[in-house]
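FYI, it's all coordinate maths here, none of it is from the lab. Just so you know, these numbers come straight off a predicted model, no measurement behind them. As a convention, Cβ positions derive from the backbone with ideal geometry for all residues, glycine included, and neighbour counts pool all protein chains shown.
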Amino acid sequence: MELYGACPTAAGWRRVHCVAVSKPQSVVEMRELTMKWGSRPVLDRVNLTMQPGERLAVVGPSGAGKSTVLRLLAGLQLPTSGELHLFGQQQDYLRLDQTDPPDVRLVFQNPALLASLTVEENVGFLLREKARLSKAEIRERVESCLEAVGLYDVAHLYPGELSGGMQKRVSFARALIDDPQREDQAMPLLLYDEPTAGLDPVACTRIEDLIVKTTTVARGCSVVVSHVRSTIERSAERVVMVYDGHFQWMGSVDEFRSTDNPYVEQFRTGSLRGPMQPAEH
């Protein structure tokens with residue numbers, strides 16, 4: 001949009017030409033969002049905004065509602081009340097009921113690969129289903145995504161022939177696959193559910209680096225749910241602490257390391273003393 005205005009000079013006023021800069025569209029907006037199981041609110045009137053390119057970690061004790069946040073963003077559930085907007089569009093229908101769903105990609109804790117398909121078929125599954133590209137074009141895209149996560153000469157193998165770490169990297173490669181009809185400026189939302197659970201420290205570092213790299217290569221933004229402190233601090237820029245249905249604290253990773261907020265402090269130290277108590281079973 002072009003605008004014109006006036007500014008004072010020594011000789012009087014002169015006409016100036018201005019260009020209005022539009023505010024970038026938020027990728028995620030939660031507005032007074034509530035999610036209930038029966039009469040109990042898992043999330044109670046929470047608010048959140050994510051900007052393009054942002055990496056967010058959602059943390060909190062077990063049963064606090066972290067996975068519910070992911071399911072809502074993935075379109076597997078709808079909020080009980082309030083609003084959820086993805087890429088500026090209010091989400092009124094489940095993902096399966098949408099004719100043109102938002103570009104949201106979920107990386108599971110378990111690689112969730114189809115054992116009967118090769119690595120190439122697993123990574124290129126959606127492209128094959130849409131049948132918009134030739135086999136050669138799909139193979140080229142798959143190889144590129146596998147190389148981006150450090151895998152070479154495995155496209156012909158089956159998941160059972162790979163180590164657990166390699167299978168996890170294949171799932172990251174699958175998250176990189178782009179629809180060729182996607183607009184150049186489009187930005188995917190990548191969701192990672194406990195991506196480093198049960199891994200040793202060295203394997204954790206590799207996956208944490210992959211989260212950052214995958215988000216960057218896909219030109220997207222990401223939400224990571226994790227209990228692992230190194231994953232939170234290495235893969236995210238901002239942290240949200242969830243407990244008792246509310247976002248109890250929100251801030252940068254640097255602030256997460258140093259804040260004296262009682263919820264974050266208890267989470268960092270693993271202390272039994274504090275406002276968060278183990279869920280009764």
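Assorted remarks:
- Based on C-alpha pairs under 8 angstrom that are at least 6 apart in sequence, the chain has a relative contact order of 21 percent.
- Shape call, the chain: gyration tensor on alpha carbons, a/c limit 1.5: oblate
- Relative packing of 158-167, 73-82, which averages over residues the other C-beta atoms within 10 Å, highest first: 73-82, 158-167
- Prolate/oblate/rounded label for segment 96-230 (Cα gyration tensor, a/c 1.5): oblate
- For Gly251, nonlocal amide neighbours, meaning residues 5 or more places apart or on other chains whose placed amide H falls under 5 Å from its own, are Val239.
- Cα gyration tensor category, rounded, prolate or oblate, for segment 19-100 with a/c compared to 1.5: prolate
- Checking the Cα-Cα distances for Lys130/Lys213; Lys66/Lys135; Lys66/Lys130; Lys135/Lys213; Lys36/Lys168 against a 30 Å cut-off, the pairs over it are Lys66/Lys135; Lys66/Lys130; Lys36/Lys168.
- Projecting the Cα positions of Leu94, Gly75, Val58 onto the charge dipole of segment 32-142 (unit charges on Cβ atoms of Lys, Arg, Asp and Glu, taken about the Cα centre) puts Val58 furthest along the positive direction.
- Here the peptides 189-198, 32-41, 217-226 are ranked by packing, the mean other Cβ count within 10 Å, and the order with the highest first is 217-226, 189-198, 32-41.
- Taking amide H as placed 1.01 Å from N in the peptide plane, Gln51 has its amide H under 5 Å from the amide H of Val27, each at least 5 places away in sequence or on another chain.
- Computed per residue of the chain from DSSP H runs no shorter than four, each worth -39500 (n - 2.57), the mean residue ellipticity at 222 nm is -8500 deg cm²/dmol.
- Dipole magnitude (debye, nearest 20) for the chain, charges at Cβ of Lys, Arg, Asp, Glu: 320 debye
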